[in-house]
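What follows draws every value from the coordinates through simple rules; no lab data is involved. Bear in mind that the values here come from a model prediction, so they are computed numbers and not experimental data. Because the Cβ atoms are built from the backbone with ideal geometry, glycine has one as well, and the counts that use them run over all protein chains shown.
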């Protein structure tokens with residue numbers, strides 16, 4: 001069954017990224033479709049998703065996941081740069 005989690009982070013308010021949306025099956029497909037519609041980069045990691053779906057809504061990710069989440073942030077940053085370069089021409 002497909003799973004999805006959407007994270008959000010406001011550096012002025014949050015100490016760490018928070019779970020904004022999560023779901024399995026049809027709800028996961030909806031979360032992914034919305035992300036694609038708004039060109040939100042999608043990062044796939046089955047081990048991480050299994051952990052994140054167990055967190056409560058708006059719960060900050062636990063400190064032991066910081067390294068894995070940092071990898072996602074690097075992925076998103078890279079995608080943002082690629083997106084900017086692609087549309088800057």
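Assorted remarks:
- Relative contact order of the chain, pairs being alpha-carbon contacts under 8 Å that are 6 or more residues apart, as %: 29 percent
- The modelled label-to-label distance for the pair residue 20/residue 58, using points 7 Å beyond Cα in the direction of Cβ, is 1.5 nm.
- Contour excess over end-to-end distance, with Cα ends at residue 66 and residue 2 and 0.36 nm allotted per residue: 20.7 nm
- Equivalent-ellipsoid semi-axes for the stretch 1-52 (Cα gyration tensor, √(5λ), whole Å, largest first): 20, 14, 9.
- Distance in nm between pseudo-label sites at residue 38 and residue 80 (7 Å out along the Cβ direction from Cα): 1.4 nm
- Applying Stokes-Einstein at 20 °C and 1.002 mPa s to the Kirkwood radius of the chain, computed over alpha-carbon pairs, gives a translational diffusion coefficient of 155 µm² s⁻¹.
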